[in-house]
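Novice: After the structure tokens below, expect a handful of questions from me.
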Amino acid sequence: METQRMRIAVNVMRARLTVIGFNIAVVSFQLSRLKFMPGGVSFSGIDSPVHVGSHVSLLLALPVSMAALVGYIFSSEYDEVGTCSSWSLVASDLLMYLGLALTVAGFFSPLNNSLEIMAADVPGQTTNFAILRYSLPIVGGITWFLAAYVGPLGALWRSPFSRSINTRLTTFYVLLFSYLCYVSASAHAIDVDSSADGITLAQWLMEFVQPFRW
């Protein structure tokens, strides 16, 4: 009954749809550009090397963002105003932030290795490349933590729905985030050693603070 009494302005949802649309566009652009980045793993039958971790992060960002779109649309009432009354609005916020975190990971996770390869070709620019090597992952890492943790915590804290609903949403986010961390760890293991099979507990836990391995 509480969810039916909630009347959230439709513009709140529309603003988030804009963010999702922008994120999907960025993911599409980066997927087409990854093949031009140095490094990666070569596979037979594929023309260019594959940055497995980045490709997987970006590919995961697409369905997560699409699911957020569905949730936002579902939250809107079929009336003359279109106000949002469903808890799916908050669930979509969680998916939106997770999609942003995956996009950031897809951008920044391959940079360290790529910069090392580029620095080897330009030995006279060691200091400049060192600055880039440390600065870019730090900035990207801060953004990743904001999207993966601060954003979802803020959404749940400010949620107008009941405690039981927010508890379920929290459980949903933790389980989904944990599973995607497992997938990311598996992808990164292929990047590091294409002959390895499976991941360790330490590799999985590292994905919860993923920027520290960038």
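The values are calculated or read from the model by the stated rules, or taken from the named source; none is laboratory data. Everything numeric here is computed off the predicted structure, so don't read it as measured data. Cβ placement follows ideal geometry from the backbone for every residue including glycine, while neighbour counts extend to all protein chains displayed.
Novice: Under 7 Å between Cβ atoms, at least 6 apart or on separate chains: pull out the pairs that start in the range 93-121 with a residue that is closer than 14 Å to PRO211 by Cα and end on any residue that is modelled with pLDDT under 70.
Specialist: PRO110/GLY39; ASN113/GLY39
Novice: Whether any residue in the range 184-194 is closer than 20 Å to HIS51 by Cβ, of a type in the set (D, E, K, R) and surrounded by fewer than 14 Cβ atoms within 10 Å (Cβ to Cβ) is what I want to check.
Specialist: So in the range 184-194, the residues closer than 20 Å to HIS51 by Cβ come out as 184-194.
So of that shortlist, the ones also of a type in the set (D, E, K, R) come out as 191, 193.
Checking the rest, the ones that are also surrounded by fewer than 14 Cβ atoms within 10 Å (Cβ to Cβ) come to 193.
There is at least one residue in the range 184-194 that is closer than 20 Å to HIS51 by Cβ, of a type in the set (D, E, K, R) and surrounded by fewer than 14 Cβ atoms within 10 Å (Cβ to Cβ).
Yes or no, residue by residue, for (1) more than 24 Å from ASN113 (Cβ to Cβ); (2) of a type outside the set (D, E, K, R):
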{"position": "LEU132", "(1), (2)": "no, yes"}
{"position": "PRO137", "(1), (2)": "no, yes"}
{"position": "GLY141", "(1), (2)": "no, yes"}
{"position": "PHE145", "(1), (2)": "no, yes"}
{"position": "LEU153", "(1), (2)": "yes, yes"}
{"position": "ARG158", "(1), (2)": "yes, no"}
{"position": "SER162", "(1), (2)": "yes, yes"}
{"position": "THR171", "(1), (2)": "yes, yes"}
{"position": "LEU176", "(1), (2)": "yes, yes"}
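Novice: Quick check on my filter: what residues within the range 150-209 are among the polar types (S, T, N, Q) and not in a helix (DSSP H, G or I)? Quick ask: steps written out before the conclusion?
Specialist: Step one: of the range 150-209, the residues among the polar types (S, T, N, Q) are 159, 162, 164, 166-167, 170-171, 178, 184, 186, 194-195, 200, 203.
Selection gives SER159, SER162, SER194, SER195, THR200.
Novice: Another question, if that's okay. Is there any pair with a first residue in the range 28-44 that is surrounded by 14 or more Cβ atoms within 10 Å (Cβ to Cβ) and a second that is modelled with pLDDT under 85 and of a type in the set (Ser, Thr, Tyr) whose Cβ atoms are under 7 Å apart and which are 6 or more apart or on different chains, and what are they?
Specialist: Cβ pairs passing all conditions: LYS35/SER48; MET37/SER114; PRO38/SER114; GLY39/SER114; VAL41/SER194.
Novice: On the basis of being touching a residue at least 40 places away in the same chain (Cβ under 8 Å), polar (S, T, N, Q) and closer than 20 Å to LEU95 by Cβ, does SER178 make the cut? Steps first, please.
Specialist: Details: touching a residue at least 40 places away in the same chain (Cβ under 8 Å): no; polar (S, T, N, Q): yes; closer than 20 Å to LEU95 by Cβ: yes.
Against the criterion (touching a residue at least 40 places away in the same chain (Cβ under 8 Å), polar (S, T, N, Q) and closer than 20 Å to LEU95 by Cβ), SER178 does not qualify.
Novice: Moving to a separate point now. Filter the range 46-74 for residues that are buried (at least 24 other Cβ atoms within 10 Å of the Cβ) and at pLDDT below 90 and give the result.
Specialist: Correct list: HIS51, GLY53, SER54.
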